[in-house]
Amino acid sequence: MKNIINLCLSLCALVCVTSCSGPSASRNNFENDPWKQLPSILKQIKAPTFKNKDYVITQYGAVGDGKTINTEAFRKAIEVCNKEGGGRVVVPVGNFLTGPIHLKSNVNLHVSKGATISFSTKPEDYLPLVFTRWEGVELMGYSPLIYAFEQNNIAITGQGTLDGMANATNWWPWKGQTQYGFVKGQPSQVDKDKRAALFKMAEDGVPVSERKFGTGSYLRPQFVQPYRCNNVLIEGVTIINSPMWILNPVLCNNVTIQGVTVTSNGPNNDGCDPESCKNVLIKDCYFNTGDDCIAIKSGRNADGRRINVPSENIIVQGCKMANGHGGVVIGSEISGGVRNVFAEDCNMSSPELDRALRIKTNTARGGVIENIYMRNVTVGQVAEQVFIATMFYEDTGNFMPVVRNIEMKNVTVQNGGKTGILLEGYKESPVTNIRLIDIKIDNVKQPYKFSNATNVTATNVIINGKKVEL
């Protein structure tokens, strides 16, 4: 049986390498400068505009005392704004406590300077269940704190604060780890085995409508999740204390996330996770997170393959990364694939930042990861690797991933952690076509380590003061 599985993996890898993703698979020698594509992609990303009319939530009964629950006031203001052709739903100075906020088309939720939206930590407030995605798998689950489903032209703007109020006394202990407040004997996603139950349903092909995970499931909601939306803008706001993933557009097109500050160091507190999205700009943002700062995804295992929509044309510019498992990350929920990622002009540094560029996948995920480009990045320190591409992250299965066409250019690192460059593939499907240009890494224990990596080139790569010859 083992030999049969290995043969199938080999054939899958061969077919993917030679035929998947069309023309991009053949552009493996970087004959053309990939960055020349950037202007044309940026032209496709345009922030939505809104009618010049304000709907102030206090006119709909909201009270900014930090105690009064304002869910209904938000709902009314958004509904009226939407019905009258759109505009801004304005949150004035004050602390407005609420349950979930559901955005509608042509509505800009504007959080004024000095305003805070504080979100209830009572799980029952996030019912009834909504159509959502949790760790790359679709389900009927708790509503995200801010949610939109199949809407067009939506925004969250302003200089105010969104506070999920998650901490070690609520939401976070559901992870089942003591450092986040979990105490043995308490219910969690691990003890109740609901996470595994969801994943099994997806593998078994259970319809999404029957995957119901509400009360008693202990699957934490995302903070901001536009789902199947077009023309999305998130700009200026500060986001803190999230239950789980923070900015999580799913199956969206034309997304701009700009000038946002994210500080949340809880479990699975990824800063920004575009999933199966096209044409996304993440610009001038700050991330200090408990997990990956930016993680580009496209669905998990069978569910990702069922939907089969890649993330593509993802632009990261001018961002700053502090704490996090990785600065710019691809995966691991990447079964739908990813292509055309451009990250430039970023600054990363923290003793709690593990990696600068991270690609993580495995043979349970499968999928094609290709055309990933990073340039002009300054790294103060990382704890693990400057750049890692691995096919051995967590799970195993029968779907060989493909990782190819990656360029890292003009990157300087003061403290490179354990390994400068770590590439790990399979003999049947090596990590391939990696180009390293003008890279300087100091104070790293191991310059590089390659396992099943092919066509790796280094031009002016200096590690620990020595030129790398490959």
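The values are calculated or read from the model by the stated rules, or taken from the named source; none is laboratory data. Everything numeric in this text was worked out from a predicted model, so none of it was measured. Glycine gets a Cβ as well: all are built from the backbone with ideal geometry, and neighbour counts include every protein chain shown.
Filter region 307-333 down to the residues that are in contact with a helix residue (DSSP H, G or I) (Cβ under 8 Å, 6 or more places away or on another chain) and more than 19 Å from C346 (Cα to Cα) and list them by number. Full working, then the answer.
Looking only at region 307-333, we keep the residues that are in contact with a helix residue (DSSP H, G or I) (Cβ under 8 Å, 6 or more places away or on another chain), and these are 313, 315, 333.
Within region 307-333, just E333 meets the criteria.
Taking only region 69-113 into account, find how many residues are of a type in the set (D, E) and either assigned to a helix (DSSP H, G or I) or in contact with a Phe, Trp or Tyr (Cβ under 6 Å, 6 or more places away or on another chain) (or both). Total satisfying the criteria: 2. Note on region 137-249: enclosed strands (runs of 3 or more DSSP E) holding 2 or more residues that are aromatic (F, W, Y) and outside the structural domain of D291 (by TED's automatic domain parsing) are 146-149.
Okay, residues lined up against (1) among the hydrophobic types (A, V, I, L, M, F, W, C); (2) in contact (Cβ under 8 Å) with a residue 40 or more places away in the chain; (3) farther than 30 Å from R88 by Cβ:
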residue	(1), (2), (3)
T178	no, no, yes
T238	no, yes, no
P243	no, yes, no
N248	no, yes, no
C252	yes, no, no
N265	no, yes, yes
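Give me the residue from region 346-393 that is among the hydroxyl-bearing types (S, T, Y) and part of a strand (DSSP E or B) and, out of that set, surrounded by the fewest Cβ atoms within 10 Å (Cβ to Cβ).
Let us first name the residues in region 346-393 that are among the hydroxyl-bearing types (S, T, Y), namely 349-350, 361, 363, 373, 378, 390, 393.
With part of a strand (DSSP E or B) added as a condition, the list becomes 373, 378, 390.
Working: Y373: 21, T378: 16, T390: 21.
Across region 346-393, the extreme among qualifying residues is T378.
From the list L127, L103, the one residue that fits, being outside the structural domain of G397 (by TED's automatic domain parsing), touching a helix residue (DSSP H, G or I) at 6+ places or on another chain (Cβ under 8 Å) and in contact (Cβ under 8 Å) with a residue 40 or more places away in the chain, is L103.
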